[in-house]
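A short write-up of the structure that comes next.
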């Protein structure tokens, strides 16, 4: 396998892990990075699936205590309610994804769509930060099922590349009167069933054959994505404790505008 393929795998794993949980669209950045690098291996679809799995495992590892608590004490009402909130929030995006995944992939997976949605999402984040209601929910276990459902409906919009799943869920949380940290942490937990479901669906749909020469390229992307995901989640939790999401809104608007200008030229 060409050494350049390993460099590309490292870069793409870094992009996926670093952007998956930030409100700047990991799918969008991955599409742009693959387009810019000209990344091409026989099992490219499977590579994307595996590096997304690396990001999932990063969250599972960081929140392993909470996840184990839920898994081993599911007979307790508190843990049942937590799991049910995730299920209620998971459903809207899962239904939209299954019904429209093929059409979205066929017509919207393009750098231009990503650039437009980066700008639109940035403007929306800016507006929400300016006019959001005062938070009343300061603990993830105090969330209501209505809050979870509304966040799930907002998340469904993120099937459009460039929107950002984490951005949609976090902003939805702020609109539902969650404080910043709770909104971010619920977004992390909600990523687990959503991304596992998307991964399973992709594996079912794309029967890529992984050649022996490409295994280590995929492993490189997976490990890089896992490590970058660990850093990104820790960074975001610490950042939102003292800052707003305006820097991410500005980044999205500037980056999206630059991309549109480049593609126009």
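The values are calculated or read from the model by the stated rules, or taken from the named source; none is laboratory data. Predicted, not measured: the structure shown is a model, and the values here were computed from it. Cβ placement follows ideal geometry from the backbone for every residue including glycine, while neighbour counts extend to all protein chains displayed.
A count restricted to region 129-140 and to residues that are loosely packed, with under 14 Cβ neighbours inside 10 Å and in contact with a helix residue (DSSP H, G or I) (Cβ under 6 Å, 6 or more places away or on another chain) stands at 0.
Restricting 30, 62 to residues that are under 19 Å from residue 226 (Cα atoms), modelled with pLDDT under 90 and surrounded by 15 or more Cβ atoms within 10 Å (Cβ to Cβ) narrows the list to 30. Just checking, how many residues over region 1-30 are assigned to a helix (DSSP H, G or I) and on the phi > 0 side of the Ramachandran plot? Selection size over region 1-30: 0. Residue check: residue 38 meets all listed conditions (1) touching a residue at least 40 places away in the same chain (Cβ under 8 Å); (2) on the phi > 0 side of the Ramachandran plot but one, namely (1). When the residues of region 31-73 are narrowed to those that are under 22 Å from residue 83 (Cβ atoms) and not in a helix (DSSP H, G or I), which ends up farthest from the chain's Cα centre (by Cα)? If we take residues in region 31-73 being under 22 Å from residue 83 (Cβ atoms) and not in a helix (DSSP H, G or I), then 73 is farthest from the chain's Cα centre (by Cα).
Restricting attention to region 146-182, the residues being under 16 Å from residue 239 (Cα atoms) and without any contact (Cβ under 8 Å) to a residue 24 or more places away in the chain number 0.
The residues listed here are 151, 127, 116; of these, the one that is part of a helix (DSSP H, G or I) and in contact with a strand residue (DSSP E or B) (Cβ under 9 Å, 6 or more places away or on another chain) is 151.
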